[in-house]
1. Could you tell me whether the range 119-126 includes any residue that is surrounded by fewer than 16 Cβ atoms within 10 Å (Cβ to Cβ) and among the β-branched types (Val, Ile, Thr)?
2. Pairs needed: first member in the range 83-94, in contact (Cβ under 8 Å) with a residue 24 or more places away in the chain and surrounded by 13 or more Cβ atoms within 10 Å (Cβ to Cβ); second member anywhere, outside any strand (DSSP E or B) and not small (Gly, Ala, Ser); C-beta distance under 6 Å; at least 6 residues apart or different chains.
3. Yes or no: the range 160-167 includes at least one residue that is within 26 Å of Ala47 (Cβ to Cβ), over 15 Å from the mean Cα position of the chain (by Cα) and among the basic types (Lys, Arg).
4. Test Asp59 against the stated conditions and say whether it is at pLDDT 95 or above and closer than 16 Å to Ala154 by Cβ.
5. Out of all the residues in the range 59-79, which are in a loop (DSSP other than H, G, I, E, B) and touching a strand residue (DSSP E or B) at 6+ places or on another chain (Cβ under 8 Å)?
6. Against the condition in contact with a strand residue (DSSP E or B) (Cβ under 9 Å, 6 or more places away or on another chain), in contact (Cβ under 8 Å) with a residue 60 or more places away in the chain and buried (at least 17 other Cβ atoms within 10 Å of the Cβ), how does Leu101 come out, does it pass?
Amino acid sequence: MEDRLLDKIAEPFNLNLPEYESMEVMIDSLLPVVGRFGEPSLLDEEAPMYTRDWIKMTDEPGRKVYSLHTFVPNSGEVRIANDGKMDALTFKVINARRMILGQSIHRDAFLYELAFMDNDFLILKRHGNTNNFDKKYLFYCREAIGVRLEWNEALEQMADKYRNNQFPWWIVIVALAILMAAILYLR
């Protein structure tokens, strides 16, 4: 009896995510839950996108290249180090939620929308009909997370970070207040 009570109390804290077939499917299921906790705008030069080095995550089997991306705000350049080999892309922020990212603004470039951004995770969603292209999302993790975790572990960490915000803490506070009142009354 006591074990079941403790299990029921701990249940909201234990998030058991199912196994997902791809990174995109997992992102699709997590964004409605965690999306409201992210930064709202790409326009602020102090936004996490510009103040962090990001590891680009992929779910391609057998691919473990550390692709470090640094978004340089005033130059519109994305500096990329693929296992130390340097490369670059360009980006241009169109408005608070949209940006162009590619070889140049007008060549081999795509329009992306901000799906989620905080200090640890950045998710950009490609604009358009998702049936017309392979990869719907660009998923980045802060360097310290991206070099030690796989894509699914990183997304689970993102879910863990915000699941406590889903818990109705007011119930706990009310229950503690009632318990304290009962203790004081019976004293």
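The values are calculated or read from the model by the stated rules, or taken from the named source; none is laboratory data. Remember, predicted model here, so these are calculated numbers, not experimental data. A quick note on method: Cβ atoms are made from the backbone with ideal geometry, for glycine too, and the neighbour counts reach across all protein chains shown.
1. no
2. Listed pairs, sorted by first residue: Val93/Leu42.
3. no
4. no
5. Taking the range 59-79 first, the residues in a loop (DSSP other than H, G, I, E, B) are 59-66, 73-76.
Once the filter is applied, which keeps residues that are in a loop (DSSP other than H, G, I, E, B) and touching a strand residue (DSSP E or B) at 6+ places or on another chain (Cβ under 8 Å), the range 59-79 yields Val65, Tyr66, Gly76.
6. When the stated conditions are applied, Leu101 does not pass them.
This table checks each residue for (1) under 23 Å from Ile27 (Cα atoms); (2) surrounded by fewer than 17 Cβ atoms within 10 Å (Cβ to Cβ); (3) in contact (Cβ under 8 Å) with a residue 24 or more places away in the chain; (4) out of contact with any helix residue (DSSP H, G or I) (no Cβ under 7 Å at 6 or more places or on another chain).
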residue: Pro40; (1), (2), (3), (4): yes, yes, yes, yes
residue: Met49; (1), (2), (3), (4): yes, no, yes, yes
residue: Arg52; (1), (2), (3), (4): yes, no, yes, yes
residue: Glu77; (1), (2), (3), (4): no, yes, no, yes
residue: His106; (1), (2), (3), (4): no, yes, no, yes
residue: Phe110; (1), (2), (3), (4): yes, yes, no, yes
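Residue-by-condition table, conditions (1) modelled with pLDDT under 90; (2) part of a helix (DSSP H, G or I); (3) not basic (Lys, Arg):
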{"site": "Arg148", "(1), (2), (3)": "no, no, no"}
{"site": "Leu155", "(1), (2), (3)": "no, yes, yes"}
{"site": "Tyr162", "(1), (2), (3)": "yes, yes, yes"}
{"site": "Asn165", "(1), (2), (3)": "yes, yes, yes"}
{"site": "Ile171", "(1), (2), (3)": "yes, yes, yes"}
{"site": "Ala175", "(1), (2), (3)": "yes, yes, yes"}
{"site": "Leu179", "(1), (2), (3)": "yes, yes, yes"}
{"site": "Tyr185", "(1), (2), (3)": "yes, yes, yes"}
